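First up is the structure itself, then whatever we jot down about it.
No value in this document is a laboratory result; all are computed from the given coordinates. Everything numeric in this text was worked out from a predicted model, so none of it was measured. Here the Cβ is made from the backbone with ideal geometry for all residues, glycine too, and neighbour counts use every protein chain on show.
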Amino acid sequence: MKFIDEIGRRRTFGIISHPDAGKTTLTEKLLLFGGAIQEAGAVKSNKVKKGATSDFMEIERQRGISVATSVLAFEYKDIKINILDTPGHKDFAEDTFRTLTAVDSVIVVIDVAKGVEEQTEKLVSVCRMRNIPMIVFINKLDREGKDAFELLDEIEQKLGLTVTPLSFPIGMGYDFKGIYNIWEKNINLFSGDNRKNIEETIEISDLSSMDLNDIIGDTAADTLREELELVEGIYPKFEKEQYQNGDLQPVFFGSALNNFGVRELLDCFVSIAPPPKPKESDVRLVHPEEKDFTGFVFKIHANMDPKHRDRLAFIKIVSGTFERNVPYLHTRHNKKLKFSSPNAFFAEKKEIVDISYPGDIVGLHDTGNFKIGDTLTKGEVLHYKGIPSFSPEHFRYINNADPMKSKQLAKGIDQLMDEGVAQLFTLELNGRKVIGTVGALQYEVIQYRLEHEYGAKCTYENLNVFKACWVEAKDQDNDEFKDFKRVKSKFLAKDKQGQLVFLADSSFSLQMTQQKYPSIEFHFTSEF
Ligand code: G4P
């Protein structure tokens, strides 16, 4: 197959949702359709089990699972699909944000009864900022839930999306009869049998035909006609280009558990979702069709074996082909590296591959060369942008608990930060180190891993910080900036890249500081 056709047939996407909306179940059903797995239950959930949120052993167990589910690849109708795993647990939100830099589109799963939830809002807002094309899947139609129109309204209001339903439910919960597929103009009837893989579809080319009444009954047929008329009147017509630009979001209804509405979703997905897109670097826009390889690290996974501190760096290929044993330039280190065993991912296996194409993810064994956001190229010096750090929510001093092991501690902290487990800030005033995390869970993970992988011990000390703000001063020589640095010296730190960060201790003090120093900008992310 020609290089250009290989690119054209790749679809790399992520499924995002609030925990429990059905992401794992949907992923599994998609894999079943792709023939990548044979039975339900094969995909392990990567979520932290309920009630185990403070148990770091559980996190360790999950780390093992999430290596296997990081990338799930399969083929469907000659399309190579790569699903990138996004942790649902809020303490790992930053992992998910980073993974979103490597997807070309997403599917948002929403629980019909719960509607739009907190994590959905956060994740969708990141996708919206980046104009990532989104398809919405409303799940659990076999249960009682919100009225379809009410839910579509809620999605528009809370998520700021412009939706257009491409399928519509016939009844719900106890009365759920099936789905009218607006996209394909046919009806799927619900039998409530989750062992059935592919539902029978009935073609309904003319909605006014009495056949509809015969199939679903007079009342349901009349309601459906009215509702579809409303849909046509209210919602914009589906346009692929608008969807691909992130301006319009098609909506599907179904029940992942019962394998209902999933094939419709997948069929539509493969025909409308975009292949790999060009990506902006610090010097130019790079197109997938370019001959020379470029790619970037969006995730680093530490291995489970503490004796071999090797890690797997996940690279999204942006352009050209990635080949085994070819030297590539690590642009941050200005050093060529060769990889003898790059991994490609299939369903739940990984295998060594000779060649990979734009859109694909390769896993490279790494002994500490990579950090998140690093770029690899055939030789050109460029850096991909767009993997910012977000302000952590929790902050603690980290102290060395074993003076004999300070080197091990420093190395451990350094590598865990490169993996993106947490963020390190060094106070300007006294050089003390502060660890910032999204969730409290990470502190236990760090402590445990420092001890087991690096032989170092640490303790923490509370620190009252509300937000870390990256400081931008256009003129660093003016008196205002000098005054800011002097007055706030206790609250200033450097992040791992050496950028200046203001650790505001309350929202009030941040506000006051902003007012007092109007020429200085305070950002909640490291890229601005
Ligand atoms: P997540 O990855 O988004 O966190 O959700 P997951 O797929 O694990 O689904 C969360 C729960 O919702 C699971 O039940 C799952 O079986 C159920 N579920 C998913 N899709 C549907 C659906 O279409 N209809 C109904 N009724 N339930 C659905 P659980 O009891 O928490 O776990 P399990 O014991 O069934 O695995």
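Couple of notes before you dig in:
- Residues Arg332 and Glu184, FRET efficiency given R0 of 56 Å [Cβ-Cβ distance, rounded to 0.05]: 0.70
- Length released on extending from Ile234 to Ile352, taking residue separation times 0.36 nm less the Cα-Cα span: 37.4 nm
- Helix 148-159 axis, angle to the chain major axis (alpha carbon atoms, nearest 10°): 20
- Remark: the Phe149-Asp78 segment gains 22.0 nm on full extension, using 0.36 nm per residue and subtracting the alpha carbon distance.
- Full extension of the segment from Glu121 to Arg324, taken as 0.36 nm per residue of separation minus the current Cα-Cα distance, would add 69.1 nm.
- Between helix 406-419 and the chain: long-axis angle, C-alpha atoms, 0 to 90°, nearest 10: 30
- Between His287 and Asn213, the simple spin-label model (points 7 angstrom out along Cα→Cβ) gives 5.7 nm.
- Neighbourhood net charge (15 Å Cβ-Cβ; Lys/Arg +1, Asp/Glu -1) for Ser519: -2
- The 3J(HN,Hα) values that the Karplus relation (6.51, -1.76, 1.60; θ = phi - 60°) gives for the range 160-166 are, in residue order, x, 9, 10, 9, 8, x, 9 Hz. Gly and Pro appear as x.
- Spatially proximal lysines relative to Lys411 (Cα-Cα < 25 Å; intrachain offsets below 8 disregarded): Lys299, Lys307, Lys335, Lys336, Lys338, Lys371, Lys433, Lys457, Lys494, Lys496
- Cut-off 15 Å between beta-carbons: net charge of the residues surrounding Leu503, Lys and Arg +1, Asp and Glu -1: +4
- Rounded to the nearest 20 debye, dipole of the range 394-523 from Cβ charges on Lys, Arg, Asp, Glu: 320
- Under the simplified labelling scheme, the Asn464-Glu156 pair shows an inter-label distance of 4.6 nm, with each label point 7 Å from Cα along Cα→Cβ.
- For the chain: rounded, prolate or oblate by the Cα gyration tensor [a/c cutoff 1.5]: prolate
- Between His365 and Gln514, the simple spin-label model (points 7 angstrom out along Cα→Cβ) gives 4.9 nm.
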